[in-house]
Each structure stands twice: as structure tokens, then as C-alpha cells.
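Down below is the structure, laid out as C-alpha cells.
The values are calculated or read from the model by the stated rules, or taken from the named source; none is laboratory data. Model, not experiment: these values are computed from the prediction. With ideal geometry, Cβ positions are generated from the backbone for all residues, glycine too; neighbour counts draw on all protein chains shown.
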């Protein structure tokens, strides 16, 4: 990002005829990628530094027995793995449901349902995550799978919406061109529509992933486990070290997942877009 | 110049009013960090009060930079700038700019404000009373040929490109600044609109007599609008600073000659203005009057065409006597393709207009769109013949 | 369910008011902070990247984690709730304000400067109004998001409808647990939609006619 702006600023410094013209925006293109690339490097460095700082603090801090047990390597590893598996399972289900559903809703036969689904999605977006968790737990009982269901319900919306928006954003003339050269409907979808919609869809997936990591902290309230347990225990037992450790680790995990999403977006974006 | 034809308007040229002040640049230099050559290198230039001076030169030659240093949108690295006798180099730039009109491409209008708010911006900043601002807005819209009642409350996006540009000029003139800076203002409009806007600028300048500095890359525009032209090379080096006639007749360097381009005889058509011709008077008729009376007047004057004026005295159509004699009253129909030129139009514009309308003549407008007379293709051919003979003999 | 609504109508109305009041005040405060920050950074490319990075990173931090972190210095109560909700309310507005201000046509700014408007006047009268639709979109995103976050804040004894949800959780299996959680959740959904509608109206009323689409 910064590279673009530095370059644009350089253009502003020489405000003669050419510099203020459309040439300035044309120049922005290649540098945008390099700017993104720089952000992609900085983010994991920050995460690693954060983890190192946490390890250093853990190694030097004096802790009570409860704290030390909860913050032991094995316990932390278990909580983190549990948190990640909640996220991963929910994410996999979201991708399996939301992307095909989004694609289906853009097909001519089902297109008339699109406004209804978008409207429902927007109403759903307004629902508080914690309310969803508690209500689902009352209905399905506590535990891992209820948490997964709640997470899926809560994070399917961005993927669904971005899939639809992305495909609808594909220039209809390109679709027509594809059909015109004899590609089947499926071929047009796979070779034209989905690749062109990929950046938007991937952005939705990344949003969902970050949302999942964050929302999975609420799993602690319905016995779903994960790093939220550390925070919750810290709050109920007034153990600041537990509380902060949990919060910091979740934040670092969210940043790491966000970074992974960005890398995927960067790599999977079709060349030429 | 002979006394021109029965026109409701006085001729623009010789004794025009001057309200501008001279501009003097002394050793002005602009250097950007990290560039080995200055964008503007030690330029000194004097611009007389009330003159229109055109800056021409290739892209990147520094002409725009020089223009923007006059209102200090770009701060000069060194050198001094005078408006009149006043050294403005160290004046508060915001205050300075309120005394200098500034017009850019597409007018640079504020899209979220109405035409009236846009035009009234500078007077408001200067703390004028509300009624005075309102009055001034109407006066200016009228000056640039936009009916205040129609356009006052419109938003910029509801206007055509040419209308936006007119509002841009009106805004620049709002606080009656002595100096007007124009940065390629007509670059983004179509050629026909551009010709009209140029004509209108000439007419307006005839009324107000500001000192105008005008940047363009179009040499024909410079010939048409400029009292003087400055031809720049890289670093804003002044290659030639002279009247259009002198630059055409005697280019200072090969560089200028190349810039002027071929076809110098025909360029004379660009230099000669409609107001220097002896315009033919026209028989006129006003909307709603009895057709027979108009026909009788035309027959008496020996005219084959009648110029129909609306109630504000502006020409709207140009039917033949035969057509009018079939009517009972003069209709209010507006002929969209009516060939119209201004007093300040060049003969080349007039010829273009006639060709576009497939007519052998054009109606000439004076100030505030009132009829000034008629120009015909024969009159223009006469000029070409004369120039040829002079060149030959 | 009906009995629950009727019996607790006073309490429901009060908590709903508290919830909306917390959200509205924090969004207002967040918008103010975001606009000031955006105005400070938008002309400086390095600062702009920093601000963009901050809002991106800030939005990845889970709300429950931030609330937890804030408990340590501030203890239970209003303070951590207000800080967390304001924090999340600020970020989308900041991001959109920076984008909106950067998107204002340069020639319009130049002509504002060219007719003698000062820097602050150009920002207030030209740039902010032109960026307003984008900023308002950010405010709508913020409001939707913090309605849910304010519910979690009830866990640290902040005010609002989240209390009903946590009461339902605590009394699980007991009387009125489901009713309590349902009322909290549905009331938040309804209020979020009402606020969004209000913001839509505010948008219609405050967007200058010349730039309305």
C-alpha cells in the first residue's frame, strides 16, 4: 500500500501537464502489488514477534500453581489445537455450503430468490453471536458440534454474499462471449465466472476465517473449548495472567489466520486481474 | 475600422475597458527535490494590464507550473512575483488567491454545491452581504450566457460540459478579481462547444478587460484568444513573446516555426476576426409579429432571409422570405442548427460553422447574445483573395 | 413467552434503551475519533498506511479477547464496555473515511485552493461533504457490528440487552431461560435493523443533492 502512495505523492510533487492526468492512476497498478507484498511480509513478522514475546514472558513470569498449570505448554497446545479445529471444521463446512449455494443463487433458474436470501443474510448479520451460541446450545446441547453449528451459521454469510456479488460482478459480455464460442454453462462457470469472481470470493473467505477465530472464543460459554476458556477462567477467577494470555493468543491467532487468507488471495488471484 | 453595421452593440476592440493589473515575474525558479533540472528556470516576464497572454509549449515544459506560481498553488523556489506594484511573493496565499480568478478544466466545480453556491463561494469568503452576493451571482450567470432563473439552483452534474465551464468562469470572476488564470480550461469539451466558449470568452473579456493568463497546448486557440503569446521550451524558457501576427510572420526560431505549423496563409483566417469585417445588416422580425410586415421590410432591403429574434433580442431562426410569406405570424420555433458565430470568432470558425450547417452564411452575435449582423461565405473568400494578392504582390 | 414479555416489559425497555444508548454514543464518539484521525493522516502516505493497517489489524482482534484485556486495568463495569465498543466502532469509519477522503477528485480540491479556501476550510466544506457517503457507509457497518459486540460486553457487566442472553445461559434448564435468551437476541436484531434504517434516512437527508446517486 505505502509504495502506491509514495509514488502518487511523487506525482503530486511535479504537477505539470502529464502528472495530474490519468497517467498517475495507470502508474499505480504494478506498485499496488508490490505494496501488498510488503504488507504480507510485515504481518507474519509481527505475529512471530508477538509469540516470542509471549514465550519470553511465560518463561520469566512468576505464576501461581493454577496459572502455571493452565499456562503449561501441553494445556496451551491443547487449547490452541481445539480452537483451530473448531475454526477449521466450521470453515470447511462453510465453504462446502456457502460457495455452492452462492453459485446456485446466481443461476438464472434461482436468481429470483437472490433478494430474499440477501435480505435474510442482512437480518442474520445483525444477530449477536453470543445470542446465537446460547440459543443453539439450548436447542442442541453443549459441546464441540453445537459450537461448530453456531460458527457455521454465523460465518456463512460473508462467503455466501461475496460469492453472489463476485459472480454478479462478472461482465455479462464475457459470459456471453463464452457461450458464444460454444462453452457449456458449466464450462463458463468454471473457466470464466468463478476465476473472475475469485478475488471477491476469497476476500469473503478471509473475512469469514477471521470472524471464525474471533467468534470461537465464545465457545467457552457452551463448553466448546478453545482459547476462550483461558479468558473466561481468567475473568471468573480474577487471574489477569490467564485472561491476558488467552486474549493475546487469540489475537495473534486471528492475525496469523488473516495473513494466511491474504497469502491465499495473493497467490490465487488470476494473473491479469 | 469602419463604423460597423446597424448593430445594437458597440464594437469590442479599440477603446475597451481595462480593469486588470499588470503582472511581473522576476527571476522566478522552481526546483523539485530529486530533479537535476529546474521545472521553471529563472523566468522573467511582464504582462500588461488588461491583456490576454497565452502560454503555449509542449507537455512538461513548465508552463502550467509557471501559471500556478502566480497564485502560489506552487511555491516558487526563488524569484519575485508582482501584481501591479505589489510584491505578492510573501503574501498569505489564501488571501492572494481570493483576488485572482482561477479556471481549470471542466471548471473544477464543487459537485455537492449548486451553481449559485459555487459562484458565490469567493464573495462569501470575503464576507460580502447576502443580497449583494445573490445579485452578483445573477449578474455573472447572465454574463456567461446562462439564464439565472434556470441554472441558479442546478447542480454541476445537471449541466453539460460547456455549461460547467461557463459556471467555472463565472465563479472565477465572482469577486471581480483583476487577474484571471486559466489552465487549459477548454481542453475537455468537444470542438464546437470549444469554439463557442472561446467566442464567449472574447466577448466577456471585451466587456471586463481583465489581465488573463491562459495555458493551452492548442496553438490555434492561442492565436485566436491571445493579445500576446508566450512560446515556451523545456524549463519554461521563453522562446518568443509577441503578438500572434508577429509570431506567424516572423517565428523567432526553428522551434517556433515548427510549433506554428504549415499553412500560414490559412492561419490568417484564424487571425482575422469577424468583427473586423463589414458585417451585412439583416432584416429582423420578432416572435409574434405579423409575418407580412417582416416580408415587406425584407423586400424593401433586398434581403432573401429574415433573422427571427426572441423577445430578448436573441436570434432563434433564419428562414427565407418565401418561407415567412407563407406564415401569418412569426413563430417562436428555435432552429437548433442555426449557424451562429460571435464578433470575436475567427474567420476560420465562421467557415467551420457554415460548413457544419450547410449554409452560405452565419448569424453574428454581439454582447449578451444580441444580433450584430450577418457574415457570408463570399465575405470570407474576399479576405482570402486579398491576403493572396498581398502575399503575391 | 408472552407472560415473560409482559412481566419484564419495564426491564426489557430499560435494557434496550441502555443497549442502544451505549451503541449510539460509542458510534458517535468512534466516528469523531475516526474523522479526526483520518483528517490527520490522509495527506501523508506513510500515516495513511499505518491507519489502514491499524484498522485491519484491529478488526481481527476478537471482541471477547479485547474485553478480557481491558478487564485487567479497568475492572468490571461500564469502562471496559465503552472502550471496547468505541474501539470497534472507530475502525470501519476510519477505514472508510481514509478511502473516502483519498477518493475526492484532485481537481476539485485544487480549484478550492485556487479560489483561496484555506486548508481547514477545504477539508470541512469540500472534502468531508464529498467523502460523506463513503464515511456514512462505514458508520452503518460499525453500528451493525457493535450491536453484537455490546451484547458480549454485558459479560463484563456492561449495560444492555446482552444481560438477558447471559441470564438465560446462567439459568439454563430453569424457568424462563429460553425466553430470556430469545428476548435478548431478537431485541438486538430488531434494534440493529431499526438503527440501520435510521442511518439510511440520515444518509438521505445529509447527502448533498448534487452527489446523490
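For this structure, a couple of remarks:
- Tally of residues being surrounded by 14 or more Cβ atoms within 10 Å (Cβ to Cβ), assigned to a loop (DSSP other than H, G, I, E, B) and either at pLDDT below 90 or at negative phi (or both) across region B:32-53: 6
- Taking the listed residues B:228, B:152, B:171, the one that is at pLDDT 90 or above and buried (at least 23 other Cβ atoms within 10 Å of the Cβ) is B:171, with no other qualifying.
- Identity of the residue in region A:170-218, in contact with a helix residue (DSSP H, G or I) (Cβ under 7 Å, 6 or more places away or on another chain) and outside any helix (DSSP H, G or I), that ends up nearest to residue A:147 (Cα to Cα): A:170
- Residue in region C:144-167 that is surrounded by fewer than 17 Cβ atoms within 10 Å (Cβ to Cβ), within 30 Å of residue B:118 (Cα to Cα) and touching a residue at least 12 places away in the same chain (Cβ under 8 Å) present: no
- Residue A:258 farther than 29 Å from residue A:64 by Cα, surrounded by fewer than 23 Cβ atoms within 10 Å (Cβ to Cβ) and at the interface with chain C (Cβ under 10 Å from one of its Cβ atoms): yes
- The single condition from (1) buried (at least 18 other Cβ atoms within 10 Å of the Cβ); (2) more than 14 Å from chain C (Cβ to nearest Cβ); (3) not in a helix (DSSP H, G or I) that residue A:152 fails is (3).
- Per the conditions (1) surrounded by fewer than 22 Cβ atoms within 10 Å (Cβ to Cβ); (2) at negative phi; (3) touching a residue at least 24 places away in the same chain (Cβ under 8 Å); (4) within 14 Å of chain C (Cβ to nearest Cβ), the sole criterion not satisfied by residue B:95 is (3).
- Of the helices (runs of 4 or more DSSP H) lying entirely inside region C:37-131, those containing at least 2 residues that are within 14 Å of chain B (Cβ to nearest Cβ) and surrounded by fewer than 22 Cβ atoms within 10 Å (Cβ to Cβ) span C:106-114, C:119-122.
- Hey, residue B:76 at pLDDT 90 or above, in the same structural domain as residue B:182 (by TED's automatic domain parsing) and in a loop (DSSP other than H, G, I, E, B) or not: yes
- Residues that are in the same structural domain as residue B:212 (by TED's automatic domain parsing) and farther than 30 Å from residue B:314 by Cβ number at least 2 in the following helices (runs of 4 or more DSSP H) confined to region B:79-146: B:93-98, B:115-125.
- Hits in region A:138-147 (condition: touching a residue at least 60 places away in the same chain (Cβ under 8 Å) and either outside any helix (DSSP H, G or I) or surrounded by 24 or more Cβ atoms within 10 Å (Cβ to Cβ) (or both)): A:142, A:143, A:147
- In the set (1) modelled with pLDDT under 85; (2) surrounded by 24 or more Cβ atoms within 10 Å (Cβ to Cβ), the condition left unmet by residue B:215 is number (1).
- So residue C:165, is it within 11 Å of chain A (Cβ to nearest Cβ) and at pLDDT 90 or above: no
- Per the conditions (1) away from chain C (no Cβ under 14 Å); (2) under 26 Å from residue C:66 (Cα atoms), the sole criterion not satisfied by residue A:127 is (1).
- Verdict on residue B:188 being modelled with pLDDT under 90 and not assigned by TED's automatic domain parsing to the domain that holds residue B:369: yes
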